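Accompanying notes for the structure given below.
The values are calculated or read from the model by the stated rules, or taken from the named source; none is laboratory data. In this text the structure is predicted, and so the values were computed from the model without any measurement. So basically every Cβ, Gly included, is an ideal-geometry build from the backbone, and we count neighbours across all protein chains shown.
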Amino acid sequence: MKIEEDVALSRFTTLGTGGPARAFARPETLEELQDALRFAHERGLHVATIGLGSNLLVSDHGFDGLALKLAGVLAQSHVQGDLLVAGGGAPNAVSLHRARAAGLGGFEFACAIPGTAGGGVWMNAGAYGGDWAGILERALIVDAGGASWRTTTELGLRYRHSDLRHGQIVAQVEFRLRPRAPDEIKEVVAGLQAQRKAAQPTNKRTFGSVFKNPPHELSAGRMLEACGLKGHRIGGAQISPRHANFIENADGASSADAIALMAEARRRARDEYGVELQHEVEFLGGLQLPPLSR
Ligand SMILES: Cc1cc2nc3c(=O)[nH]c(=O)nc-3n(C[C@H](O)[C@H](O)[C@H](O)COP(=O)(O)OP(=O)(O)OC[C@H]3O[C@@H](n4cnc5c(N)ncnc54)[C@H](O)[C@@H]3O)c2cc1C
(Lines give C-alpha, C1' and ligand atoms only; values in the text may rest on other atoms or scores of the structure.)
Protein backbone atom coordinates (compact mmCIF):
# COMPACT_ATOMS: atom_id res chain seq x y z
CA MET A 1 0.00 0.00 0.00
CA LYS A 2 1.38 3.36 -1.06
CA ILE A 3 1.45 6.23 1.42
CA GLU A 4 1.21 9.47 -0.55
CA GLU A 5 2.08 12.97 0.64
CA ASP A 6 0.21 16.25 0.27
CA VAL A 7 -2.88 14.87 -1.45
CA ALA A 8 -5.56 17.53 -2.02
CA LEU A 9 -8.65 16.55 -0.03
CA SER A 10 -10.87 18.82 -2.14
CA ARG A 11 -10.94 15.88 -4.59
CA PHE A 12 -12.74 13.79 -1.98
CA THR A 13 -15.37 16.16 -0.59
CA THR A 14 -18.73 16.75 -2.22
CA LEU A 15 -18.42 20.52 -1.57
CA GLY A 16 -15.09 20.40 -3.46
CA THR A 17 -13.10 22.36 -0.85
CA GLY A 18 -10.25 21.48 1.52
CA GLY A 19 -6.45 21.59 1.56
CA PRO A 20 -3.95 18.72 1.48
CA ALA A 21 -3.50 15.79 3.85
CA ARG A 22 0.06 15.39 5.11
CA ALA A 23 -0.22 11.63 4.41
CA PHE A 24 -2.84 9.69 2.47
CA ALA A 25 -3.45 5.95 1.97
CA ARG A 26 -6.07 3.66 0.44
CA PRO A 27 -6.00 0.41 2.45
CA GLU A 28 -7.69 -2.44 0.57
CA THR A 29 -7.74 -5.10 3.30
CA LEU A 30 -7.94 -5.29 7.08
CA GLU A 31 -4.21 -6.05 7.18
CA GLU A 32 -3.39 -2.97 5.10
CA LEU A 33 -5.61 -0.87 7.35
CA GLN A 34 -3.71 -2.13 10.39
CA ASP A 35 -0.38 -1.39 8.61
CA ALA A 36 -1.56 2.18 7.94
CA LEU A 37 -2.54 2.64 11.59
CA ARG A 38 0.86 1.32 12.68
CA PHE A 39 2.55 3.78 10.29
CA ALA A 40 0.60 6.66 11.84
CA HIS A 41 1.18 5.46 15.40
CA GLU A 42 4.97 5.22 14.89
CA ARG A 43 5.06 8.81 13.59
CA GLY A 44 2.57 10.25 16.07
CA LEU A 45 0.16 11.22 13.27
CA HIS A 46 -3.55 11.78 13.81
CA VAL A 47 -5.75 9.56 11.62
CA ALA A 48 -9.05 10.40 9.94
CA THR A 49 -11.14 8.37 7.51
CA ILE A 50 -12.85 9.92 4.53
CA GLY A 51 -15.91 8.23 3.09
CA LEU A 52 -17.54 9.96 0.14
CA GLY A 53 -16.90 13.33 1.82
CA SER A 54 -20.62 14.08 1.74
CA ASN A 55 -20.77 15.39 5.30
CA LEU A 56 -17.29 16.81 5.56
CA LEU A 57 -15.78 20.29 5.63
CA VAL A 58 -11.96 20.20 5.51
CA SER A 59 -9.84 23.23 6.41
CA ASP A 60 -8.33 25.11 3.46
CA HIS A 61 -5.02 24.54 5.27
CA GLY A 62 -5.56 20.79 5.05
CA PHE A 63 -5.22 17.99 7.61
CA ASP A 64 -1.89 17.50 9.37
CA GLY A 65 -2.22 13.74 9.71
CA LEU A 66 -2.94 10.52 7.83
CA ALA A 67 -6.19 10.54 5.83
CA LEU A 68 -7.52 7.09 4.91
CA LYS A 69 -9.86 6.23 2.08
CA LEU A 70 -11.04 2.64 2.39
CA ALA A 71 -10.80 0.64 -0.85
CA GLY A 72 -10.82 -3.00 -2.08
CA VAL A 73 -12.81 -5.37 0.13
CA LEU A 74 -13.19 -2.53 2.65
CA ALA A 75 -15.37 -0.71 0.11
CA GLN A 76 -17.47 -3.61 -1.19
CA SER A 77 -20.79 -5.04 -0.05
CA HIS A 78 -22.61 -8.35 -0.34
CA VAL A 79 -25.60 -10.16 1.06
CA GLN A 80 -25.37 -13.13 3.43
CA GLY A 81 -28.77 -14.57 4.35
CA ASP A 82 -30.74 -11.58 5.60
CA LEU A 83 -27.59 -9.62 6.44
CA LEU A 84 -26.23 -6.88 4.23
CA VAL A 85 -22.47 -6.93 4.85
CA ALA A 86 -20.81 -3.68 3.79
CA GLY A 87 -17.18 -2.55 3.98
CA GLY A 88 -16.85 0.73 5.85
CA GLY A 89 -16.06 2.46 2.55
CA ALA A 90 -18.91 0.87 0.57
CA PRO A 91 -21.13 3.49 -1.09
CA ASN A 92 -24.75 3.35 0.09
CA ALA A 93 -25.96 3.30 -3.52
CA VAL A 94 -24.08 0.03 -4.16
CA SER A 95 -25.27 -1.52 -0.88
CA LEU A 96 -28.86 -0.59 -1.73
CA HIS A 97 -28.45 -2.17 -5.15
CA ARG A 98 -27.16 -5.42 -3.59
CA ALA A 99 -30.01 -5.50 -1.06
CA ARG A 100 -32.64 -4.93 -3.73
CA ALA A 101 -31.18 -7.61 -6.01
CA ALA A 102 -31.35 -10.07 -3.10
CA GLY A 103 -34.95 -9.07 -2.26
CA LEU A 104 -34.06 -7.48 1.08
CA GLY A 105 -35.78 -4.32 2.30
CA GLY A 106 -35.08 -1.86 5.11
CA PHE A 107 -32.21 0.08 3.50
CA GLU A 108 -34.44 2.08 1.11
CA PHE A 109 -34.19 5.28 3.18
CA ALA A 110 -30.43 5.35 2.46
CA CYS A 111 -31.12 6.18 -1.20
CA ALA A 112 -31.25 9.79 0.03
CA ILE A 113 -27.83 9.62 1.72
CA PRO A 114 -24.88 9.89 -0.70
CA GLY A 115 -22.26 8.45 1.68
CA THR A 116 -20.75 5.16 2.81
CA ALA A 117 -21.65 2.51 5.38
CA GLY A 118 -18.86 3.76 7.69
CA GLY A 119 -19.75 7.43 7.30
CA GLY A 120 -23.32 6.49 8.21
CA VAL A 121 -22.19 4.81 11.43
CA TRP A 122 -20.10 7.85 12.35
CA MET A 123 -23.15 10.09 12.63
CA ASN A 124 -26.03 7.62 12.65
CA ALA A 125 -27.18 8.82 9.24
CA GLY A 126 -30.89 8.78 8.62
CA ALA A 127 -33.74 9.96 6.44
CA TYR A 128 -37.48 9.44 6.03
CA GLY A 129 -37.92 7.88 9.46
CA GLY A 130 -35.09 5.34 9.07
CA ASP A 131 -31.54 5.47 10.39
CA TRP A 132 -28.42 3.33 10.81
CA ALA A 133 -29.33 2.55 14.44
CA GLY A 134 -32.59 0.97 13.29
CA ILE A 135 -30.96 -1.68 11.08
CA LEU A 136 -27.37 -2.01 12.27
CA GLU A 137 -26.56 -5.42 13.75
CA ARG A 138 -22.90 -4.68 14.53
CA ALA A 139 -19.86 -2.83 13.18
CA LEU A 140 -16.19 -3.79 13.14
CA ILE A 141 -14.15 -0.93 14.62
CA VAL A 142 -10.39 -0.91 14.09
CA ASP A 143 -7.95 1.36 15.89
CA ALA A 144 -4.28 1.36 16.89
CA GLY A 145 -5.12 -1.09 19.68
CA GLY A 146 -6.82 -3.75 17.50
CA ALA A 147 -10.26 -4.64 16.14
CA SER A 148 -13.59 -5.25 17.89
CA TRP A 149 -17.25 -5.71 16.91
CA ARG A 150 -19.66 -3.20 18.46
CA THR A 151 -23.44 -3.05 18.70
CA THR A 152 -25.62 0.03 18.27
CA THR A 153 -25.59 0.62 22.04
CA GLU A 154 -21.82 0.19 22.28
CA LEU A 155 -21.40 2.70 19.43
CA GLY A 156 -23.58 5.22 21.30
CA LEU A 157 -25.81 5.83 18.27
CA ARG A 158 -28.44 8.54 18.69
CA TYR A 159 -29.78 11.44 16.58
CA ARG A 160 -26.92 12.21 14.13
CA HIS A 161 -24.34 11.03 16.68
CA SER A 162 -22.05 8.16 17.59
CA ASP A 163 -19.35 8.03 20.26
CA LEU A 164 -16.67 7.28 17.61
CA ARG A 165 -13.56 9.46 17.48
CA HIS A 166 -10.98 9.99 14.71
CA GLY A 167 -8.53 7.09 14.73
CA GLN A 168 -11.40 4.61 15.19
CA ILE A 169 -12.22 3.23 11.78
CA VAL A 170 -15.45 1.49 10.79
CA ALA A 171 -14.04 -1.33 8.67
CA GLN A 172 -17.20 -3.38 8.19
CA VAL A 173 -20.90 -3.04 8.95
CA GLU A 174 -23.63 -5.67 9.16
CA PHE A 175 -27.22 -4.54 8.61
CA ARG A 176 -30.14 -6.84 9.38
CA LEU A 177 -32.77 -6.52 6.65
CA ARG A 178 -36.04 -8.31 5.88
CA PRO A 179 -37.49 -9.88 2.73
CA ARG A 180 -39.17 -7.43 0.35
CA ALA A 181 -39.93 -7.75 -3.35
CA PRO A 182 -37.33 -5.97 -5.54
CA ASP A 183 -40.07 -4.18 -7.52
CA GLU A 184 -41.58 -2.83 -4.32
CA ILE A 185 -38.15 -1.58 -3.19
CA LYS A 186 -37.63 0.07 -6.57
CA GLU A 187 -40.96 1.87 -6.31
CA VAL A 188 -40.32 3.12 -2.76
CA VAL A 189 -36.84 4.36 -3.73
CA ALA A 190 -38.18 6.20 -6.79
CA GLY A 191 -40.78 7.92 -4.57
CA LEU A 192 -38.20 9.00 -1.97
CA GLN A 193 -35.82 10.27 -4.64
CA ALA A 194 -38.57 12.32 -6.24
CA GLN A 195 -39.40 13.88 -2.84
CA ARG A 196 -35.72 14.75 -2.38
CA LYS A 197 -35.41 16.32 -5.80
CA ALA A 198 -38.45 18.50 -5.18
CA ALA A 199 -37.15 19.87 -1.85
CA GLN A 200 -33.34 19.94 -1.94
CA PRO A 201 -30.51 21.13 -4.24
CA THR A 202 -29.59 17.61 -5.40
CA ASN A 203 -27.67 18.79 -8.47
CA LYS A 204 -25.34 21.21 -6.63
CA ARG A 205 -22.09 20.70 -4.70
CA THR A 206 -23.15 20.64 -1.03
CA PHE A 207 -22.37 18.61 2.11
CA GLY A 208 -25.98 17.88 3.04
CA SER A 209 -27.60 19.46 6.10
CA VAL A 210 -25.46 22.18 7.61
CA PHE A 211 -27.12 22.26 11.05
CA LYS A 212 -28.93 19.68 13.17
CA ASN A 213 -32.60 20.40 13.68
CA PRO A 214 -32.96 22.31 16.97
CA PRO A 215 -35.54 21.48 19.66
CA HIS A 216 -37.91 24.12 18.22
CA GLU A 217 -41.11 24.11 16.19
CA LEU A 218 -39.10 25.29 13.16
CA SER A 219 -36.53 23.03 11.50
CA ALA A 220 -33.06 24.56 10.94
CA GLY A 221 -33.93 25.08 7.26
CA ARG A 222 -37.26 26.82 7.95
CA MET A 223 -35.64 29.01 10.63
CA LEU A 224 -32.83 30.19 8.33
CA GLU A 225 -35.35 30.75 5.54
CA ALA A 226 -37.43 32.92 7.91
CA CYS A 227 -34.23 34.85 8.72
CA GLY A 228 -34.13 35.77 5.02
CA LEU A 229 -30.93 33.84 4.35
CA LYS A 230 -31.91 31.88 1.23
CA GLY A 231 -29.45 32.85 -1.51
CA HIS A 232 -27.16 34.75 0.93
CA ARG A 233 -23.62 34.57 -0.40
CA ILE A 234 -20.12 34.98 1.04
CA GLY A 235 -17.23 34.53 -1.40
CA GLY A 236 -17.98 31.50 -3.57
CA ALA A 237 -20.39 29.86 -1.09
CA GLN A 238 -24.10 30.54 -0.86
CA ILE A 239 -27.03 29.39 1.22
CA SER A 240 -29.11 27.35 -1.19
CA PRO A 241 -31.98 29.32 -2.71
CA ARG A 242 -33.89 26.01 -2.66
CA HIS A 243 -33.32 24.88 0.96
CA ALA A 244 -31.77 27.17 3.59
CA ASN A 245 -30.08 24.33 5.54
CA PHE A 246 -27.76 23.65 2.58
CA ILE A 247 -24.63 25.54 1.52
CA GLU A 248 -23.72 25.35 -2.15
CA ASN A 249 -20.35 25.80 -3.77
CA ALA A 250 -21.66 28.41 -6.18
CA ASP A 251 -18.34 29.39 -7.71
CA GLY A 252 -14.86 28.52 -6.42
CA ALA A 253 -15.90 28.44 -2.75
CA SER A 254 -13.36 27.87 0.01
CA SER A 255 -14.04 26.16 3.33
CA ALA A 256 -13.48 29.58 4.96
CA ASP A 257 -16.40 30.95 2.90
CA ALA A 258 -18.62 28.12 4.17
CA ILE A 259 -17.53 28.75 7.78
CA ALA A 260 -18.28 32.48 7.41
CA LEU A 261 -21.79 31.67 6.11
CA MET A 262 -22.38 29.23 8.95
CA ALA A 263 -21.27 31.84 11.50
CA GLU A 264 -23.67 34.38 9.99
CA ALA A 265 -26.54 31.86 9.98
CA ARG A 266 -25.93 30.99 13.65
CA ARG A 267 -25.81 34.65 14.61
CA ARG A 268 -29.13 35.36 12.88
CA ALA A 269 -30.87 32.28 14.36
CA ARG A 270 -29.68 33.25 17.85
CA ASP A 271 -30.68 36.93 17.47
CA GLU A 272 -34.09 36.22 15.93
CA TYR A 273 -35.13 32.96 17.66
CA GLY A 274 -32.82 32.64 20.68
CA VAL A 275 -31.62 29.28 19.25
CA GLU A 276 -27.96 28.22 19.13
CA LEU A 277 -27.74 26.00 16.05
CA GLN A 278 -25.30 23.07 16.25
CA HIS A 279 -23.49 22.01 13.10
CA GLU A 280 -24.28 18.61 11.60
CA VAL A 281 -21.42 18.71 9.06
CA GLU A 282 -18.16 17.23 10.39
CA PHE A 283 -15.04 19.41 10.55
CA LEU A 284 -11.53 18.20 9.76
CA GLY A 285 -8.20 20.04 10.08
CA GLY A 286 -8.90 22.21 13.12
CA LEU A 287 -11.88 24.12 11.72
CA GLN A 288 -14.01 25.92 14.30
CA LEU A 289 -16.98 28.23 14.29
CA PRO A 290 -16.43 31.54 16.09
CA PRO A 291 -18.26 31.70 19.43
CA LEU A 292 -21.61 33.52 19.41
CA SER A 293 -21.02 36.89 21.05
CA ARG A 294 -23.48 37.92 23.79
C1 LIG B 1 -27.21 16.03 -1.13
C2 LIG B 1 -26.95 15.42 0.24
C3 LIG B 1 -28.02 14.91 0.95
C4 LIG B 1 -27.79 14.35 2.21
N5 LIG B 1 -28.85 13.86 2.92
C6 LIG B 1 -28.64 13.27 4.11
C7 LIG B 1 -29.74 12.72 4.87
O8 LIG B 1 -30.88 12.72 4.44
N9 LIG B 1 -29.47 12.14 6.06
C10 LIG B 1 -28.21 12.10 6.57
O11 LIG B 1 -28.04 11.55 7.67
N12 LIG B 1 -27.16 12.62 5.91
C13 LIG B 1 -27.34 13.21 4.70
N14 LIG B 1 -26.28 13.75 4.01
C15 LIG B 1 -24.95 13.78 4.65
C16 LIG B 1 -24.07 12.57 4.34
O17 LIG B 1 -24.40 11.97 3.11
C18 LIG B 1 -24.15 11.52 5.45
O19 LIG B 1 -23.78 12.09 6.70
C20 LIG B 1 -23.24 10.33 5.19
O21 LIG B 1 -23.50 9.33 6.12
C22 LIG B 1 -21.75 10.70 5.23
O23 LIG B 1 -21.04 9.58 4.76
P24 LIG B 1 -19.64 9.75 4.05
O25 LIG B 1 -19.15 8.41 3.74
O26 LIG B 1 -19.75 10.70 2.89
O27 LIG B 1 -18.78 10.39 5.21
P28 LIG B 1 -17.77 11.61 5.12
O29 LIG B 1 -18.53 12.84 4.80
O30 LIG B 1 -16.63 11.26 4.25
O31 LIG B 1 -17.29 11.69 6.63
C32 LIG B 1 -18.16 12.12 7.66
C33 LIG B 1 -17.55 11.74 9.00
O34 LIG B 1 -17.52 10.33 9.11
C35 LIG B 1 -16.19 9.88 9.32
N36 LIG B 1 -16.05 8.62 8.59
C37 LIG B 1 -16.35 8.37 7.30
N38 LIG B 1 -16.13 7.08 7.01
C39 LIG B 1 -15.65 6.51 8.13
C40 LIG B 1 -15.23 5.19 8.47
N41 LIG B 1 -15.22 4.18 7.61
N42 LIG B 1 -14.79 4.97 9.75
C43 LIG B 1 -14.76 5.99 10.66
N44 LIG B 1 -15.17 7.23 10.38
C45 LIG B 1 -15.60 7.49 9.14
C46 LIG B 1 -15.30 10.99 8.78
O47 LIG B 1 -14.02 10.97 9.38
C48 LIG B 1 -16.11 12.22 9.15
O49 LIG B 1 -15.88 12.60 10.48
C50 LIG B 1 -26.47 14.32 2.76
C51 LIG B 1 -25.41 14.82 1.99
C52 LIG B 1 -25.64 15.38 0.75
C53 LIG B 1 -24.47 15.91 -0.04
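Couple of notes before you dig in:
- Residue in region 70-84 that is more than 16 Å from ALA171 (Cα to Cα) and touching a helix residue (DSSP H, G or I) at 6+ places or on another chain (Cβ under 6 Å) present: yes
- Boolean, ALA250 is over 18 Å from the mean Cα position of the chain (by Cα) and under 30 Å from GLY286 (Cα atoms): yes
- Output for region 6-28, where each listed residue is within 13 Å of the ligand (Cβ to nearest atom) and in contact (Cβ under 8 Å) with a residue 60 or more places away in the chain: LEU9, THR13, THR14, LEU15, GLY16, THR17, GLY18
- Evaluating THR152 against the criteria (1) surrounded by fewer than 18 Cβ atoms within 10 Å (Cβ to Cβ); (2) more than 16 Å from LYS69 (Cα to Cα) leaves one unmet condition, (1).
- Every residue from region 5-16 that is crowded, with 22+ Cβ neighbours inside 10 Å and either in contact with a Leu (Cβ under 7 Å, 6 or more places away or on another chain) or over 18 Å from SER255 (Cβ atoms) (or both): THR13, LEU15
- Residues being among the aliphatic types (A, V, I, L, M) and within 11 Å of the ligand (Cβ to nearest atom) - total across region 156-194: 6
- You will find that of ALA226, ALA244, ALA237, ALA256, the residue that is of a type in the set (A, V, I, L, M), within 23 Å of the chain's Cα centre (by Cα) and surrounded by fewer than 22 Cβ atoms within 10 Å (Cβ to Cβ) is ALA256 and no other.
- Of all residue pairs spaced 6 or more apart or on separate chains, those with beta-carbon atoms under 7 Å, a first member in region 266-294 that is within 15 Å of the ligand (Cβ to nearest atom) and a second member that is modelled with pLDDT of 95 or more and assigned to a helix (DSSP H, G or I) are HIS279/MET262; LEU287/SER255; LEU287/ILE259.
- Flag: ARG242 matches the condition of being in contact (Cβ under 8 Å) with a residue 12 or more places away in the chain, within 15 Å of the ligand (Cβ to nearest atom), touching a helix residue (DSSP H, G or I) at 6+ places or on another chain (Cβ under 8 Å) and under 30 Å from ARG100 (Cβ atoms).
- Note on region 195-219: residues that are without any contact (Cβ under 8 Å) to a residue 60 or more places away in the chain, under 27 Å from ARG158 (Cβ atoms) and away from the ligand (no atom under 12 Å from the Cβ) total 5.
- Qualifying residue in region 223-233 (condition: outside any helix (DSSP H, G or I) and either among the basic types (Lys, Arg) or under 27 Å from ASN124 (Cα atoms) (or both)): yes
- The set of residues from region 196-226 being of a type in the set (S, T, N, Q) and under 18 Å from THR14 (Cβ atoms) comprises GLN200, THR202, ASN203, THR206, SER209.
- Considering only residues in region 106-122 that are surrounded by 22 or more Cβ atoms within 10 Å (Cβ to Cβ) and assigned to a loop (DSSP other than H, G, I, E, B), the one that is nearest to the ligand (Cβ to nearest atom) turns out to be GLY115.
- Boolean, ILE234 is touching a residue at least 12 places away in the same chain (Cβ under 8 Å) and either aromatic (Phe, Trp, Tyr) or in contact with a Pro (Cβ under 9 Å, 6 or more places away or on another chain) (or both): no
- Answer from GLY62, GLY72 - the residue that is at positive phi, more than 10 Å from the ligand (Cβ to nearest atom) and buried (at least 19 other Cβ atoms within 10 Å of the Cβ): GLY62
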